[in-house]
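Written below as structure tokens is the structure these notes are about.
The values are calculated or read from the model by the stated rules, or taken from the named source; none is laboratory data. From a predicted model like this one, the values you see are computed outputs, not experimental measurements. So basically every Cβ, Gly included, is an ideal-geometry build from the backbone, and we count neighbours across all protein chains shown. Only protein heavy atoms, including side chains, enter the accessible area calculation; ligands, DNA and RNA are left aside. Shrake-Rupley method; radii C 1.70, N 1.55, O 1.52, S 1.80 Å.
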Amino acid sequence: MRVSNSDEKLVAGALNGSTRAWRQLVQRYERRVYNLGYRLTGNGEDAMDLMQEVFLGVYRNLHRFRGDSSFRTWLFRIAHNKAVDLNRRRKLLSLTGGLDESGEFAGGELSARPESEPDHGLAERERNRLALELLGRIPLEQRLVVELKIYQSLTFEEIAQMQEISVNTAKTRFYAALKKMRLIPEKENALLEN
Amino acid sequence: MPCSRTDHLLREYFSDDLSPVLRVEIEEHVTACADCAAQLQELTGAARELRGWEEIPAPRWDRHMALFRRERGVEKDRRWRLAWQWIPAAACALMLGLTLLNTSVVYQGGALEISFGSPELTAVDRRLAEFNRLQAEEREEFAGMLARFEQLRMQDLETMQAGYELLADRDYETVRSLQQLVSLVGSAGVTEW
Ligand SMILES: [Zn+2]
């Protein structure tokens, strides 16, 4: 059985031009990044776009990876920034859609809503459908905090650094997101809507 | 009337740097406060639903391998160029090896025969041995000639010495005769010339 190389070794190998090291590094994280993309965008096509963007960012900045943080954290920082970029581009594309009252763009933003989901494979995953329904209730900046906290187990300190906010604000964003996603019993839900 | 501490306490409850003391305090409050208990249940329920996500396999894609090969493949070429630099050295080593192993390569009847350490001497080897033998003979002959020449020279020297001694003797005889003559003439009054 071959001993698996550390991320840092693979980065060094890729920087030396080893195609094998690069392939191994991508293989190790592509599924994780693809699922992150799926949860942030709510569909496979955008998830694929985001994944490609993320690994392109990794490739272009590989020489800048200093090992101050783990490769994983570094990778998620890139993923975070790429998701924000993608969201901004979507907003620009949908400028004709105009703003709604809350200041959010009415259309074009990464929705994370399973309704627009063309992927039939996902439909079979009922639990994923529910998670996407919950994530669809919150804006991207909160969705990113939830993603990094719940799925990637990053600390609020790391998340705060990525979003350039205080640790307290990161905690507040996470709590606010949870409140929006809470499972309100049907009766109570109906009561609130009336 | 809703609890005023809910948001503050639960926000802290979901943070990752919660101290054990604060945790106990919050849990004690939640067991006593229906508002906070209800809210906590809803929030943990949401978090639980999110954690139920089933991983989807990533679709097959190029992994930017083409880009990687194109841009970083330079390294590979450089390695090849380095390998080329070894060719002259490798050729020298090969030639040395062939020489040391006394390799003979013979092309005979459309087939190439290569043999190492052949016991038969090649034509070149035979000629070289003959040349060495002749050279040795010549050296021997020359030494003999030198010896004979030296012998003759020594004989000549001896002859010369003998001749010289004879000459010296004669001179002595001459001087003696002259002295005798002078004494004779002197006694006869030659000094008056
Ligand atoms: Zn309370």
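Overview of values
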| quantity | calculated |
| --- | --- |
| Extension gain, B:Q161 back to B:N102 (0.36 nm per residue minus Cα-Cα distance, nm) | 15.1 nm |
| Rg in Å to one decimal, and Dmax rounded to a whole Å, for the range A:1-94 via C-alpha atoms | 14.1, 52 |
| Per-pair calculated FRET efficiency, R0 = 25 Å: A:S166 and A:E141 via Cβ, rounded to 0.05 | 0.95 |
| Size of the range A:131-188 as Cα extents on the principal axes (Å, biggest first) | 40, 19, 17 |
| Restricting the range A:14-66 to GluC sites (Glu not before Pro) in coil, as DSSP defines it, with at most 12 other Cβ within 10 Å | none |
| Summed buried accessible area for B+A [probe radius 1.4 Å, Å², rounded to 100] | 4500 Å² |
| Long-range tail of P(r) for the range A:1-50 (Cα pairs > 19 Å, %) | 40 percent |
| Loop-located trypsin sites (Lys or Arg not before Pro) in the range A:14-72, at most 11 other Cβ atoms within 10 Å (DSSP) | A:R66 |
